[in-house]
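What follows is a set of notes on a single structure, which appears directly below.
The values are calculated or read from the model by the stated rules, or taken from the named source; none is laboratory data. Everything numeric in this text was worked out from a predicted model, so none of it was measured. FYI the Cβ positions are ideal-geometry reconstructions off the backbone, even for glycines, and counts take in every protein chain you see.
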Amino acid sequence: MGLGIAHAFLSAGFDVCITDISSDALKRASAAIEGLLNEGVARGKMEADAAAKAFRRLTAMTDITEGARGAALLVETVVEKLSVKADIVRAADAVLAEDAVIATNTSALSVTAIATAAKRPERVIGMHFFNPVHKMKMVELVLGLATDADTLRRARAYCERIGKVSIVVNETPGLTTSRMSAMLGNEAMYMLQEGAASAEDIDTALRLGFNHPMGPLELGDLTGWDTRLSVLRYLHETLGEKFRPCPLIIKMVAAGRIGRKAGAGVYQYSDGQKVPGSGLRASAI
Ligand SMILES: NC(=O)c1ccc[n+]([C@@H]2O[C@H](COP(=O)([O-])OP(=O)(O)OC[C@H]3O[C@@H](n4cnc5c(N)ncnc54)[C@H](O)[C@@H]3O)[C@@H](O)[C@H]2O)c1
């Protein structure tokens, strides 16, 4: 998600620094961002010169206290764990510009809880982007208990600058989108586990029956079942039994079969492409 968000801001003319604990992740992200910029040129969305300039405005480093120094906006996109997000916000907050907006891309954690790590929680807001960022037009802006009107106004303005439509949501577990999507993905996994239908047919049902652009199992592979499981555990804890994670998701995460990023999830992937007919079968579960 971080690389997609960085690409969106670079394309709109911002200087961007990406930081990550892993230098390998940073190398992969920089290469992917360059690829997305080049794709924009090939599609006629951007001049080659503008794309090259945008890429030159990108810096990458492992030290967040260097990367965030003096920045006007932080968008944190680390793993979906409250303690890790709080550590990142605390470290960045010490070096960001005095009136910086601190945004979290959390799918389901409490913005209010994340904001307690900041010196001024009123500056913290959820900016929930969608995957893949360069194709998805919407950002859910999430108000924590302390988020003030100026922070909302500025976050909205950032969304406009990068060409995204924003909606505003009061903090509730899972917001609007993750809550519905987690429920759908979990139910699809229960159906797969029970052998109600094949993975391919469950996905086709939603794509062609309801006109969803992707089926819930394909979407889970794209999101990552590890992220999905964290979200479901949190929703189960906060909203109750209806969000109990399907045992098959727990089993897949334990096996490292977490989706596209691992080369296998519900489906197998080769060179980033889904292998036809590779969906998990009930008999194998
Ligand atoms: N994947 C999606 O579809 C999606 C959509 C919307 C929001 N989100 C949210 O975005 C966030 C990131 O999700 P993702 O799918 O990009 O995860 P990811 O696992 O692909 O990326 C997380 C990155 O965080 C880095 N990281 C871990 N611990 C760190 C630390 N202590 N300091 C610095 N970096 C650290 C990891 O090296 C990794 O590169 C999560 O909060 C998730 O809920 C994800």
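Some notes on this structure:
- Inter-residue pairs, beta-carbon under 7 Å, first aromatic (F, W, Y) and in region 211-228, second part of a helix (DSSP H, G or I) and more than 7 Å from the ligand (Cβ to nearest atom), 6+ apart: W225/I249; W225/M252; W225/V253
- Among residues of region 180-198, those that are touching a residue at least 12 places away in the same chain (Cβ under 8 Å) and under 24 Å from the mean Cα position of the chain (by Cα), counted: 10
- Of residues in region 123-140 being buried (at least 22 other Cβ atoms within 10 Å of the Cβ) and more than 11 Å from the ligand (Cβ to nearest atom), the one farthest from the chain's Cα centre (by Cα): R123
- For Q193, the conditions (1) closer than 30 Å to A6 by Cα; (2) of a type in the set (S, T, N, Q); (3) assigned to a helix (DSSP H, G or I) all hold with the exception of (1).
- Residue count for region 89-108, restricted to those that are free of Cβ contacts under 8 Å to residues at least 12 places away in the same chain and within 11 Å of the ligand (Cβ to nearest atom): 0.
- Restricting region 143-181 to residues that are touching an Asp or Glu at 6+ places or on another chain (Cβ under 7 Å) and small (G, A, S), the residue that is surrounded by the fewest Cβ atoms within 10 Å (Cβ to Cβ): A146
- Close pairs from region 58-85: first over 18 Å from M1 (Cβ atoms), partner of a type in the set (V, I, T) and assigned to a loop (DSSP other than H, G, I, E, B), Cβ under 6 Å, at least 6 apart: T65/V95; R69/V95
- Within region 222-242, being under 16 Å from Q193 (Cβ atoms) and touching a Lys or Arg at 6+ places or on another chain (Cβ under 9 Å) holds for W225, L232.
- Note on region 59-88: residues that are assigned to a helix (DSSP H, G or I), more than 11 Å from the ligand (Cβ to nearest atom) and either surrounded by 21 or more Cβ atoms within 10 Å (Cβ to Cβ) or modelled with pLDDT under 95 (or both) total 0.
- Of the residues screened, R207 is one that is of a type outside the set (V, I, T) and free of Cβ contacts under 8 Å to residues at least 12 places away in the same chain.
- Residue match in region 32-45 (condition: within 13 Å of the ligand (Cβ to nearest atom), outside the structural domain of R260 (by TED's automatic domain parsing) and modelled with pLDDT of 95 or more): yes
- When region 201-223 is filtered for residues that are surrounded by fewer than 19 Cβ atoms within 10 Å (Cβ to Cβ) and charged (D, E, K, R), the ones remaining, listed by number, are D201, R207.
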